[in-house]
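The values are calculated or read from the model by the stated rules, or taken from the named source; none is laboratory data. As the structure is a prediction and not an experimental result, all values here were calculated from the model. Because the Cβ atoms are built from the backbone with ideal geometry, glycine has one as well, and the counts that use them run over all protein chains shown.
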Amino acid sequence: MSTEAPEAPAPEEPRRGTLRSGKGRYADPLFKWAVAACGTIVLVLLALMVIRTTSEAWPVFAKEGFFGFLTGEEWQSGNSRTEITGTYGAWPFIYGTLVTSAIAIAIALPLAIMVAFYLTHLAPRRIAKPLSYTVELLAAVPSVIFGLWGLHWFLPNVLRPFFEFLESVLGWFFLFEGPIRGVGYLSAGIVLAIMILPIMTAIIREVIAVHPIDQRMAAYALGSTRWEVLRKVVLPASFSGIVAAAMLGLGRALGETIAVLMLIGGSQSWSTSLFGTGSSMASHIAATFGEATPESRTALMAIGVALFLVTMIVNILARVIVWRLGRMTGDAAV
């Protein structure tokens, strides 16, 4: 006779709704519809903003042509209320935006990577923690503070002597031709780099910190040095996150207004020299919108459309790059 106890029947899964009663059964559908409504509102507001701004700017696009407006180099405002009588070319402002943003990324990205590696893998804990808090605090400093600091202290005491040295050594190269005015593309780009450095460092530090420790331990077990582990194990695995941080910093640099307005010079021309003065799209809008005529405001709306398109293109490229890198590296977090 068998002494085995009969197998207990498996508990049945509760039917949908049996654990909830009353109003609780409607919580999930209501939450789902509320989130969907919020997302729809965001998309609708974005679409309305694009439609409204484009409709305001359309007379300028109709007169100059879309590509003619983007590539034109002359900006002469008119005073008409009913038609476009001036000449509007946005290339000097587009050029100023791209140059200052490129300078900022070229300086900030390697510094952010080095600081992030130091905080996560090299610095003692008693130093890494307060430094991390400091980096996060700097990310919240208003841009006008950076602009004032850059204009009244950093420019005369640090940047101008550095520019004079560059001009004396590399003045034969077109990018560093004089004269040196102090304010200009290079000044604005360096201060922009300081502005975007904290947020990029914070993101890259988080990306590196979540790298699986077993991979690093395996590399150490194979005899790799710390430098080899960082360069051949951690850096490739974190590359997609680093690119995402760079694109986020670039997006902020493209749209920065006040600090660039203080340091770029404010001219409506453009120069191949980094010491030259100019304007970015955002700084030109901020500098002239308050006193602009109705016709000029239409042209400034067109610059706003161009800035929106540039920012959207950068964001789309960032997502594509991160997605492709995630597929190549097998990064499941992307």
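What to note about this one:
- Long-range neighbours under 8 Å by Cβ, at least six apart or interchain, first residue of a type in the set (A, V, I, L, M, F, W, C) within region 205-232, second exposed (fewer than 11 other Cβ atoms within 10 Å of the Cβ): Val210/Ala333
- Test: residue in region 165-187 that is within 26 Å of the chain's Cα centre (by Cα), at pLDDT 85 or above and polar (S, T, N, Q): yes
- Taken together, Phe162, Phe67, Phe146 contain a single residue that is surrounded by 16 or more Cβ atoms within 10 Å (Cβ to Cβ) and either among the aromatic types (Phe, Trp, Tyr) or outside any helix (DSSP H, G or I) (or both), which is Phe146.
- For the criterion of being over 20 Å from the mean Cα position of the chain (by Cα) and either among the aromatic types (Phe, Trp, Tyr) or surrounded by fewer than 13 Cβ atoms within 10 Å (Cβ to Cβ) (or both), Ala36 passes.
- Test: Ile180 is among the aliphatic types (A, V, I, L, M) and part of a helix (DSSP H, G or I): no
- The set of residues in region 76-132 that are out of contact with any Lys or Arg (no Cβ under 8 Å at 6 or more places or on another chain), within 21 Å of Leu235 (Cα to Cα) and of a type in the set (Gly, Ala, Ser) comprises Ala106, Ala108, Ala112, Ala123, Ala128.
- Residue in region 52-64 that is touching a Phe, Trp or Tyr at 6+ places or on another chain (Cβ under 7 Å), in a strand (DSSP E or B), modelled with pLDDT of 80 or more and surrounded by 10 or more Cβ atoms within 10 Å (Cβ to Cβ) present: no
- Here Glu73 fulfils each of the conditions (1) in contact (Cβ under 8 Å) with a residue 40 or more places away in the chain; (2) more than 26 Å from Gly255 (Cβ to Cβ); (3) not in a helix (DSSP H, G or I) apart from (2).
- Taken over region 203-213, residues that are surrounded by fewer than 20 Cβ atoms within 10 Å (Cβ to Cβ) and at pLDDT 80 or above amount to 3.
- Residues in region 38-50 that are modelled with pLDDT under 90 and of a type in the set (Val, Ile, Thr): Val50 only.
- Residue match in region 266-273 (condition: in contact (Cβ under 8 Å) with a residue 24 or more places away in the chain and buried (at least 21 other Cβ atoms within 10 Å of the Cβ)): no
- Taken over region 214-227, the residue count meeting the criterion of being surrounded by 15 or more Cβ atoms within 10 Å (Cβ to Cβ) and not in a helix (DSSP H, G or I) is 1.
- Taking the listed residues Arg231, Arg319, Arg252, the one that is of a type in the set (Lys, Arg) and under 26 Å from His152 (Cα atoms) is Arg252, with no other qualifying.
- Of all residues in region 202-223, none satisfies the criterion of being among the hydroxyl-bearing types (Ser, Thr, Tyr) and touching an Asp or Glu at 6+ places or on another chain (Cβ under 9 Å).
- Matching residues, region 40-54, being under 17 Å from Arg297 (Cβ atoms) and of a type in the set (S, T, N, Q): Thr53, Thr54
- A single entry from Pro156, Pro92, Pro110 fulfils the requirement of being loosely packed, with under 13 Cβ neighbours inside 10 Å, part of a helix (DSSP H, G or I) and touching a residue at least 24 places away in the same chain (Cβ under 8 Å): Pro156.
- Wholly enclosed helices (runs of 4 or more DSSP H) of region 228-334 bearing at least 1 residues at pLDDT 85 or above and within 21 Å of Thr71 (Cα to Cα): 239-255, 281-288, 294-329
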